[in-house]
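Down below is the structure, laid out as structure tokens.
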Amino acid sequence: MTELQFAIEVVRRLRDAGHEAVWAGGCVRDSLLGLEPADYDVATSARPDQVRPLFRRTLEMGASFGVIEVLGPNSDDGEPLKIQIATFRSDGEYTDGRRPDAVRWASAKEDALRRDFTINGMFFDPLTQTLIDHVGGQDDLGAKVLRAIGDPHARFTEDKLRMLRAVRFAARFDLTIDGATREAILQRAGEIVAVSAERIAEELRRILTHPTRYRGLNYLLDLGLFAAILEEIPDDPRHSTSIDALMGYLQDVTWPTARGMTFPLAFAALVHPVGAKVAEAATRRLKLSRDEGDRIVWLVRHMGILRDAPTMAFSKLQPLLIHPGIGELLALHRTIQMATLRDFRAVEYCETILRDTPADELDPAPLITGEDLTAMGLTPGPKFKTMLQAARDAQLDRLISTREEAIVLVRPMQ
């Protein structure tokens, strides 16, 4: 069974039990755009306690908000199909700018009216192939307009993250932001800091790693959101112009991984002018994962070093070439050069080495180890690292090539 078939079956089962049930939100929008939905959500008049008995396997995703996840048969990848079922509801006040303090069960129309944007507020009946549009979403999609449902100030007061979601949707679907919606974001952009760092980072990640990242960045800059979420970067028109140029070129660089643009690469492109220490502060404030934060700081820190690659001793360049992030570093360096001096010698030099050097020459086994030093009668200590590094550097620079030569080199250091 496919996810589409399971989504239809979920609606049918709820309907057979006497409840209203329709597809809701993004899957309806994507279908109207001719895109394959990433997932399917179902909205229903059934309460959570009425949903659970109808399905064999369910998970509590947010029962107090009327959300139940139903697990179906396994998909082709061996994982169970999942559909979220949400009870039609109307939201109370949002005192934390994130989620409603309370909800009440409501009609389908009331449920549509509490959603964020008209393009996300439509329902679809897959059994009768009927679109149910209480908010004018179909017309706005046709006109390529992103419009908040109702009063945009109210929508952004309820959940301030919706301002970043507006950027993501407008960029991804090439939409113009409605005037009133745009004005509300401009006035409230500074309030985005009330949202948790993790939620801001996730939206930023989704904007910057998508092929429409250039449009997304322009919206972030134009609406004042960029300055609010990346406070470490100077609010300087010249810097904005530099960022704009960089992200334009980031559209065209051939990416080093099958996943395409990575978040560390895109983020490093934005923060590299402020230096590694400030970049590290930004990654900590946004509470990025340790792996992402470390990679971003590594990229920023080694940008300057890579410029000297053609004249560097191989022992100094080799650790960069064997680092897991070398593909991103080369892509970042090439991008910055495209936007500035257009000097690609360092990148091309490194790419030639990576292409033409066998793996056992690029990263050969060390000629000596700590065991060899111990066998020489030395006691393990701080000198071990210095001696081993000296032998390793000489090996990489092809000054020595045997274990015996390495021992002769380090013996005076003991």
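The values are calculated or read from the model by the stated rules, or taken from the named source; none is laboratory data. The shown structure was predicted, so the numbers you read here are calculated from the model rather than taken from an experiment. Cβ coordinates were reconstructed from backbone atoms using ideal geometry, including for glycine residues, and neighbour counts include every protein chain displayed.
Sort out for me the helices (runs of 4 or more DSSP H) sitting completely within region 156-256 that have 3 or more residues that are farther than 24 Å from residue 29 by Cα, modelled with pLDDT under 95 and of a type in the set (Ser, Thr, Tyr).
237-250
Which members of region 390-414 meet the condition of being part of a helix (DSSP H, G or I) and basic (Lys, Arg)?
The answer is 392, 403, 411.
Residues checked against (1) in contact (Cβ under 8 Å) with a residue 24 or more places away in the chain; (2) part of a helix (DSSP H, G or I); (3) not aliphatic (A, V, I, L, M):
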| residue | (1), (2), (3) |
| --- | --- |
| 1 | yes, no, no |
| 5 | no, yes, yes |
| 31 | yes, yes, yes |
| 52 | no, yes, yes |
| 71 | no, no, no |
| 76 | no, no, yes |
| 83 | yes, no, no |
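With (1) closer than 30 Å to residue 395 by Cβ; (2) over 17 Å from the mean Cα position of the chain (by Cα); (3) modelled with pLDDT of 90 or more as the list, and residue 277 as the residue in question, which single condition is left unmet?
(1)
Go through (1) at pLDDT 95 or above; (2) touching a Lys or Arg at 6+ places or on another chain (Cβ under 6 Å) one by one and return the number of the condition residue 58 breaks.
Unmet condition: (1).
Could you list, in sequence order, the residues of region 54-69 that are assigned to a loop (DSSP other than H, G, I, E, B) and either outside the structural domain of residue 105 (by TED's automatic domain parsing) or under 17 Å from residue 7 (Cα atoms) (or both)?
Listed by number, the residues that qualify are 55, 56.
Take the residues in region 80-106 that are of a type in the set (Gly, Ala, Ser) and within 19 Å of residue 50 (Cβ to Cβ); name whichever of them is modelled with the lowest pLDDT.
The extreme case among them is 90.
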